[in-house]
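The values are calculated or read from the model by the stated rules, or taken from the named source; none is laboratory data. Since the structure is predicted, the reported quantities are computational estimates derived from the model, not experimental observations. Positions of Cβ are generated from backbone atoms using ideal geometry, with glycine treated the same way; all protein chains shown enter the neighbour counts.
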Amino acid sequence: MLSDEKNKLLTQVGPNTPMGDYLRRYWHPIAGVSEFDDKSVRPIRLFGEDLVLYKDLSGNFGLVQRRCPHRNADLAFGYVEKCGLRCAYHGWEFDAEGQCTHQPYEEIVDPEAKLRKKIRVTAYEVRAKSGMLWAYMGPAPAPELPDWELFNYENGFAQAVFAEVPCNWFQCQENSIDPIHFEWTHNNWTARLQSDDAQYVPTHLKTQYEEFDFGFIYKRLRAQESELNPMWTVGRVTLWPNAFYLGHHFEWRVPIDDESTLSVLWVFNRVPKEQEPYVQQHIPSWYGPLYDDEGKWITSHVANQDFAAWVGQGRITDRSNETLGASDRGVTLLRRRFFEELEAVAAGKPPKGLITDKEANRNVFLPSACRDELMNGMSRAELAAHPLLGPYLRDFIGQAGQPASVREAYEAAIGQKLEGAQFFSVHGARNEPGDESSTK
Ligand code: FES
Ligand SMILES: [Fe+2]
């Protein structure tokens with residue numbers, strides 16, 4: 001339980017809020033590179049600020065304030081030039097650093113461009129990496145954009161998947177340190193959506209949480225598993241400050257504003273060994289819906305189940321009205337660590353887990369319960385039998401709404417058609433030695 005005041009500290013992310021300023025010290029994925037295959041400008045809202053994201057005629061990306069400083073026209077109607085964005089109203093042009101670089105009529109009457117030189121728009125650094133566009137909205141200099149090891153794995157098909165989720169970011173991130181919910185939100189709910197007679201999966205017996213440089217590691221042990229299970233020996237990463245790393249995919253929860261969050265999944269599927277060598281030429285990105293054609297919540301896919309759970313907690317969940325138990329130890333640790341961080345940064349200390357050394361930012365290791373499988377590869381038969389990765393041979397289990405073009409590209413990569421399965425039973429990491437049962 002938290003006071004209203006402490007809840008505001010965790011949840012308010014606009015400009016000049018402690019958490020907003022804190023999170024701006026990190027790079028965040030904000031869009032797919034492939035979105036700009038067929039457009040060059042679009043509006044975007046991040047951390048309570050209305051902005052415009054664009055790709056100029058030189059292929060460089062920019063992120064600037066949405067309102068033109070001349071007379072407030074919407075720069076989302078602007079058009080790109082060789083080097084920057086031009087307002088569609090009177091033609092003022094701005095570069096990616098925010099400097100006004102052209103004021104067509106003003107420069108006729110004032111060839112020295114005294115006014116133009118004084119005009120800037122707010123501009124943030126944008127970089128493309130691994131099929132995603134990343135923004136840095138904090139003070140200069142920007143830290144390194146993390147080069148996580150998974151981004152560099154070979155022989156795989158990656159995709160970036162987005163959704164706008166109408167609730168505050170922190171309740172999404174609390175989910176990254178909440179192992180018990182897997183059993184209920186993903187396993188048992190999925191089973192019960194298919195049948196009222198469905199059996200529940202083996203329950204959790206114990207959990208453990210450890211802090212490290214890049215966040216927390218949580219470990220979980222279920223009934224019928226031994227302590228050799230990689231979910232207990234390796235676990236998963238609550239990636240600081242607003243992400244989750246599950247070995248074959250990342251999830252980021254990027255604040256749009258206090259009441260909305262951009263969910264970003266980056267999923268890597270290694271192709272069966274029979275398909276190697278495989279080199280992906282183009283990482284697709286797409287946005288999935290939250291509701292079906294009848295306006296009902298989609299609950300068939302893993303991320304959609306999470307979205308329903310998070311939004312169900314309320315737009316900004318009321319943490320003065322909750323009852324925490326032993327299952328919430330990770331959530332409590334996470335909150336406490338954020339409060340400590342906000343104080344430490346206010347006292348001038350560097351934020352947790354920032355990578356500032358270029359040399360240290362090469363292929364950065366994170367613990368992963370399926371690292372061996374993704375680094376070494378698996379035959380089609382081995383992959384099909386894998387309790388975590390095998391379901392991706394049946395369909396894309398991550399999130400509903402995958403476009404046909406992405407599915408077809410994936411099918412070509414893995415060398416087989418998907419079944420179009422509607423529900424998925426996803427369990428931990430690989431089977432334990434000597435364990436032949438693939439799902440538990
Ligand atoms: S409002 Fe943008 S140039 Fe006039
Ligand atoms: Fe989940």
Query raised in the report: If only one of V13, V80, V52 is surrounded by 15 or more Cβ atoms within 10 Å (Cβ to Cβ) and away from ligand 1 (no atom under 16 Å from the Cβ), which one is it?
Result: V13
Report summary line: Taking region 404-422 and keeping only residues that are surrounded by 18 or more Cβ atoms within 10 Å (Cβ to Cβ) and not aliphatic (A, V, I, L, M), one is left with Y410
Requested in this report: Output yes when any residue across region 347-361 is surrounded by 14 or more Cβ atoms within 10 Å (Cβ to Cβ), within 19 Å of Y218 (Cβ to Cβ) and in contact (Cβ under 8 Å) with a residue 40 or more places away in the chain, and no when none is.
Outcome: yes
Query raised in the report: When you scan region 63-92, how many residues do you find that are closer than 22 Å to D37 by Cα and touching a Lys or Arg at 6+ places or on another chain (Cβ under 8 Å)?
Result: 5
Report summary line: Scanning region 162-176 for residues that are of a type outside the set (D, E, K, R) and not in a helix (DSSP H, G or I) gives F162, A163, V165, P166, C167, N168
Report task. Could you tell me which residue of region 378-403 is surrounded by the fewest Cβ atoms within 10 Å (Cβ to Cβ), considering only residues that are out of contact with any helix residue (DSSP H, G or I) (no Cβ under 8 Å at 6 or more places or on another chain) and aliphatic (A, V, I, L, M)? Result -> A381
Report summary line: Scanning region 32-48 for residues that are in a loop (DSSP other than H, G, I, E, B) and either of a type in the set (S, T, Y) or exposed (fewer than 15 other Cβ atoms within 10 Å of the Cβ) (or both) gives D38, K39, S40
Requested in this report: Among what's in region 280-301 and is free of Cβ contacts under 8 Å to residues at least 60 places away in the same chain and either within 16 Å of ligand 2 (Cβ to nearest atom) or among the acidic types (D, E) (or both), pick the residue that is nearest to C172 (Cα to Cα).
Outcome: W297
Report task. Might you check whether a residue that is within 16 Å of ligand 1 (Cβ to nearest atom) and not aliphatic (A, V, I, L, M) occurs anywhere in region 122-137? Result -> yes
Query raised in the report: So is G295 more than 27 Å from E211 (Cβ to Cβ) and assigned to a loop (DSSP other than H, G, I, E, B) or not?
Result: yes
Query raised in the report: Within the bounds of region 302-311, is there any residue that is surrounded by 14 or more Cβ atoms within 10 Å (Cβ to Cβ), assigned by TED's automatic domain parsing to the domain that holds H249, away from ligand 2 (no atom under 16 Å from the Cβ) and of a type outside the set (D, E)?
Result: no
Query raised in the report: D328: under 20 Å from the mean Cα position of the chain (by Cα) and assigned to a helix (DSSP H, G or I), yes or no?
Result: no
Query raised in the report: If you check P202, P241, P255, which single one turns out to be assigned to a loop (DSSP other than H, G, I, E, B) and under 21 Å from the mean Cα position of the chain (by Cα)?
Result: P241
Query raised in the report: Of the residues V271, V267, which is farther than 25 Å from Q194 by Cβ, of a type outside the set (D, E, K, R) and surrounded by 17 or more Cβ atoms within 10 Å (Cβ to Cβ)?
Result: V271
Query raised in the report: Would a scan of region 365-388 turn up a residue that is aromatic (F, W, Y) and part of a loop (DSSP other than H, G, I, E, B)?
Result: yes
Report summary line: Taking region 57-75 and keeping residues out of contact with any helix residue (DSSP H, G or I) (no Cβ under 8 Å at 6 or more places or on another chain), away from ligand 1 (no atom under 11 Å from the Cβ) and either basic (K, R) or under 16 Å from A135 (Cβ atoms) (or both) leaves N60, G62, L63
Query - Candidates L374, L334, L354, L393 - the one that is closer than 20 Å to Y278 by Cβ, at pLDDT 95 or above and not small (G, A, S) - result: L374
Query raised in the report: Which condition breaks for D318 when tested against (1) assigned to a helix (DSSP H, G or I); (2) among the charged types (D, E, K, R); (3) exposed (fewer than 14 other Cβ atoms within 10 Å of the Cβ)?
Result: (1)
Report summary line: The residue from Q275, Q305 that alone is touching a Gly at 6+ places or on another chain (Cβ under 8 Å), in contact (Cβ under 8 Å) with a residue 60 or more places away in the chain and under 30 Å from A413 (Cα atoms) is Q275
